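Every number in this text was worked out from the coordinates using simple rules, so none of it is lab data. As the structure is a computational prediction, the values presented were derived from the model and not from experiment. Cβ: placed from backbone, ideal geometry, glycine included. Neighbour counts: every protein chain shown.
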Amino acid sequence: MNYYSDHISSGSLTVSQIQVAYLIANHSMYIKSISISAVFFGAMTYIGNGPNFMVKSICQQYGAKTPNFSEYIYKYSIPILLPVFVIVWILFFK
């Protein structure tokens with residue numbers, strides 16, 4: 001209402017736009033948690049990030065050794081990324 005009262009009164013905003021604005025204004029913790037989960041757990045699974053597949057295929061094409069999915073989880077995600085994500089969670093969400 002503070003920023004777009006003229007749009008609301010003219011009826012140019014849709015119901016879904018109003019619902020999204022309400023969610024962002026009143027429940028920002030949900031938006032933060034969804035965004036962070038998408039970014040972090042996409043990186044944790046190696047599959048969740050499309051450019052990772054592109055980099056992996058380019059490396060394999062040139063003969064570089066790249067980990068498969070299970071190697072990535074056990075060698076990199078659990079020992080490196082998981083502690084980093086826990087620290088970020090503690091710093092920003094506690």
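Things to note:
- Residues Ile87, Ile8, ranked from the fewest to the most other C-beta atoms within 10 Å, line up as Ile87, Ile8.
- Remark: Phe41, Phe93 ranked as Phe93, Phe41, counting other beta-carbon atoms within 10 Å and listing the fewest first.
- For the chain, the number of Lys pairs with C-alpha atoms closer than 19 Å, counting only pairs eight or more positions apart or on separate chains, is 4.
- Sorting Val15, Val20 by the number of Cβ atoms found within 10 Å of their own Cβ, with the fewest placed first, yields Val15, Val20.
- Under a Gaussian network description of the chain, with springs only between Cα atoms under 10 Å, the residue in Thr66, Thr45, Thr14 that fluctuates furthest is Thr14.
- Calculated FRET efficiency for the pair Phe93/Leu13, C-beta based, R₀ 30 Å, to 0.05: 0.45
- Between Met29 and Asp6, the FRET efficiency from the beta-carbon distance, with R0 = 35 Å, is close to 0.75.
- J(HN,Hα) series, region 68-81, from Karplus relation 6.51 cos²θ - 1.76 cosθ + 1.60, nearest Hz, glycine and proline x: 7, 4, 5, 4, 4, 5, 7, 8, 10, 5, 5, x, 10, 6
- For the chain, the longest principal axis of the Cα atoms and the long axis of helix 28-45 meet at an angle of about 20 degrees.
- Of the trypsin sites (Lys or Arg not before Pro) found in region 30-82, those that fall in a DSSP loop while having at most 16 other beta-carbon atoms within 10 Å are Lys65.
- For region 28-93: span of alpha carbons on each principal axis (Å, largest first): 44, 22, 15
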